[in-house]
Amino acid sequence: MIHSPGMSALTAISRARVLRVAAHAASWIPFLTVVAASTRGTWRVVGDGAGIALQSWNATSHTSLVGQATELGHGLHDPGPLQYWLLAIPVHIDPVRGVLWGAALWCMAAASLAIEAAWSILGEIGGLLASGIVLGMVAWDPLLVVKPYWNPCFAALFFLAALAACWAVMSGRRWWWPVLVITASVAAQAHLMFAIASAALALLALIAGLADAFRAKTGYQWAVTGFIVGAGCWAAPFIQQFTSRVGNLTALLHGQGGRQHMGLTFALKTLAAYTQPPPLWWGHLPSSLDLNGLIQTRSALFAVAILAVTAAALLAAVFWFRSRTLASLAAISLLVSGTALVTFSRIPVETGLSRLRYLMLAMFPVGLLIWLTAASACVLTGRQVIRRMRAAKARHVGRHGGLQRPAGAWTRPAGRGASAAAVPLIVLASVPGVGQPAQGFPGDAWRAGLVSVANRLIEQARPGQQIALSVVAADKPDRYRLTLGLVWALTGDGYRLERRSHRMHTQPVPNVTVRLRSGRITVAVTDPATGQSRA
């Protein structure tokens, strides 16, 4: 049977399309599975997720100009409201589950952007690598798909897309810079832990892109586009900054003064924990206390050494391998490592020890990038050695005669086999992410049930559409999560809630008191005219 070059080219194109679809589909499956699992029972969002849903609901009328309140500083907020804007339409379409499937769709879009950016650099290998990293993050911390609306999880997926877009720009694909500006802005505004690194990525890629454009004597439309979308992304935070008595951005820069911070040694040990074998990204993310103990056992000197190795890989990529792809990867690795050291050294002590687990979401890509840089340098070194050995063998064969196998003839079948195997492998790799939600309720099942019961009891009491709400519970976390969950559930149902502290300025409205005692919910409605209460 005769195979023409045209048929081979069509086969390669078809294989690439299948791989591309598989790479995207595999990264989507965990998110879609969680959304599907939420329909099997009564699903409600509680706690911070309910607060995010409420802010997203208000984004169409009186939007916030800042992000979520952050515990990294007293009275401070994350830089901006982009996450609220992105979730505004989903929560209005579906007040119950819109925050879940809306966040899942946006996180899926971020994963696809990362895959496409990596594909633009390395083709099939890059796309599969990016998809595998998304699946690895999900397996490492399933909260990324169980609670994609939670701002640290939302930011982590967009930060991953920003890393890939930055790599693409630094590899010569300048039109990825506007995408980088958008994804980095979302990551930075959604959670403060990603702010410094995101800004640094955008600046580094801009410098590299401008240098490329100057050498090639091409246009700068890509840069203008990036600045325009960046202005749109940061309009709200800058309006707040210049119109408020205390600007949030200024407060973020100076609001931690006088507080005790974790310090540079802790930051170096954290970097070592995510780079020194076995790295913490290799297994499931432990609890905060266990995590702090594991970090304290690592050596700060190892972090310094691994940064030196990464710098050496950068120099080797520039002067020996002459590989722009590796040089860009090494530069990004050094950049995000440096910004991580700054960020983690500035974490307040009282916050860091209690919130350490979710703060570590920012370290997964940092540790993984350093490993990828070192592995890529080793692969290129091996390839250089093999190439020189082949050249020496070719010279020897040429002098003594004999047949010479065409270079790369043995690699093509291996490449086809790897590509064919990648499809089932990458789909199977998503199984842990798929199976995780099935093991339990995709969210906080117990408190979600309490919110549903309280919401139903309030509707049965028919207090009217405008009420004053209070929640009584012995446990402070229960009271906080239940209150936010109930406020959002009632708001989505059309109720207008009023704070009791504002009662003196408004007409009396029914007081609705929700009590949680021994796991049971009771609701009492007090008539403002008679003062009588009915359960």
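The values are calculated or read from the model by the stated rules, or taken from the named source; none is laboratory data. All figures in this text were calculated on a predicted structure; none of them were measured in a lab. Glycine also receives a Cβ, built like all others from the backbone with ideal geometry; neighbour counts cover every protein chain displayed. Quick note on the areas: whole protein, heavy atoms, side chains included, nothing else; ligands and nucleic acids left out. Shrake-Rupley method; radii C 1.70, N 1.55, O 1.52, S 1.80 Å.
Give the residue, chosen from GLY226, GLY232, GLY263, that is open to solvent by less than 30 Å² (accessible area, probe 1.4 Å) and more than 30 Å from ALA303 (Cα to Cα). Spell out the reasoning first.
Working: GLY232 fails: open to solvent by less than 30 Å² (accessible area, probe 1.4 Å); GLY263 fails: more than 30 Å from ALA303 (Cα to Cα).
Only one candidate qualifies: GLY226.
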Neighbours by Cβ (under 9 Å, 6+ apart or cross-chain): first from the stretch 200-223, closer than 20 Å to LEU334 by Cβ and open to solvent by 30 Å² or more (accessible area, probe 1.4 Å); second of a type in the set (Val, Ile, Thr) and modelled with pLDDT of 95 or more:
LEU204/VAL169; LEU204/ILE332
Taking the condition within 19 Å of LEU252 (Cβ to Cβ) and either free of Cβ contacts under 8 Å to residues at least 40 places away in the same chain or open to solvent by less than 50 Å² (accessible area, probe 1.4 Å) (or both), does PRO95 pass?
no
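Does GLY283 qualify as being over 23 Å from GLY382 (Cβ atoms), open to solvent by 20 Å² or more (accessible area, probe 1.4 Å) and in contact with a helix residue (DSSP H, G or I) (Cβ under 8 Å, 6 or more places away or on another chain)? Please lay out each step first, then the result.
On the way: over 23 Å from GLY382 (Cβ atoms): yes; open to solvent by 20 Å² or more (accessible area, probe 1.4 Å): yes; in contact with a helix residue (DSSP H, G or I) (Cβ under 8 Å, 6 or more places away or on another chain): yes.
Spelling it out, GLY283 is indeed over 23 Å from GLY382 (Cβ atoms), open to solvent by 20 Å² or more (accessible area, probe 1.4 Å) and in contact with a helix residue (DSSP H, G or I) (Cβ under 8 Å, 6 or more places away or on another chain).
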Would you check which residues across the stretch 150-177 are within 16 Å of GLY51 (Cβ to Cβ) and part of a helix (DSSP H, G or I) and list them?
ASN151, PRO152, CYS153, PHE154, ALA155
Scanning the stretch 105-149 residue by residue, the ones that are part of a helix (DSSP H, G or I), under 26 Å from GLY51 (Cα atoms) and not aromatic (Phe, Trp, Tyr) total 12
When you look at PRO142, is it crowded, with 24+ Cβ neighbours inside 10 Å and farther than 25 Å from ALA213 by Cα, yes or no?
no
Filter the stretch 235-253 for residues that are open to solvent by 70 Å² or more (accessible area, probe 1.4 Å) and either touching a residue at least 24 places away in the same chain (Cβ under 8 Å) or of a type in the set (Phe, Trp, Tyr) (or both) and give the result.
PHE238, ILE239, PHE242
Of all the residues that make up the stretch 28-66, how many are small (Gly, Ala, Ser), within 16 Å of LYS147 (Cβ to Cβ) and open to solvent by 50 Å² or more (accessible area, probe 1.4 Å)?
1
Identify, from the list ALA308, ALA330, the residue that is open to solvent by 40 Å² or more (accessible area, probe 1.4 Å), in a helix (DSSP H, G or I), modelled with pLDDT of 95 or more and aliphatic (A, V, I, L, M).
ALA308
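Report yes if some residue within the stretch 316-323 is polar (S, T, N, Q) and either touching a Pro at 6+ places or on another chain (Cβ under 8 Å) or in a helix (DSSP H, G or I) (or both); otherwise report no.
No: the stretch 316-323 contains no residue that is polar (S, T, N, Q) and either touching a Pro at 6+ places or on another chain (Cβ under 8 Å) or in a helix (DSSP H, G or I) (or both).
Residues checked against (1) of a type in the set (Val, Ile, Thr); (2) modelled with pLDDT of 85 or more; (3) assigned to a loop (DSSP other than H, G, I, E, B); (4) at positive phi:
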{"residue": "VAL397", "(1), (2), (3), (4)": "yes, no, no, no"}
{"residue": "ALA414", "(1), (2), (3), (4)": "no, no, no, no"}
{"residue": "VAL453", "(1), (2), (3), (4)": "yes, yes, no, no"}
{"residue": "PRO463", "(1), (2), (3), (4)": "no, no, yes, no"}
{"residue": "LEU486", "(1), (2), (3), (4)": "no, yes, no, no"}
{"residue": "LEU490", "(1), (2), (3), (4)": "no, yes, no, no"}
With the structure loaded, tell me whether ALA273 is open to solvent by less than 40 Å² (accessible area, probe 1.4 Å), of a type in the set (Gly, Ala, Ser) and closer than 21 Å to VAL186 by Cα or whether it fails that test.
no
Return the only residue of THR351, THR343 being modelled with pLDDT under 90, farther than 26 Å from GLY172 by Cα, open to solvent by less than 50 Å² (accessible area, probe 1.4 Å) and among the β-branched types (Val, Ile, Thr).
THR351
Hey, which of the helices (runs of 4 or more DSSP H) in the stretch 209-274, taking only ones fully inside, have at least 3 residues that are of a type in the set (Gly, Ala, Ser) and at pLDDT 95 or above?
221-233
Taking the stretch 19-52 only, how many residues are free of Cβ contacts under 8 Å to residues at least 60 places away in the same chain and among the hydroxyl-bearing types (Ser, Thr, Tyr)?
1
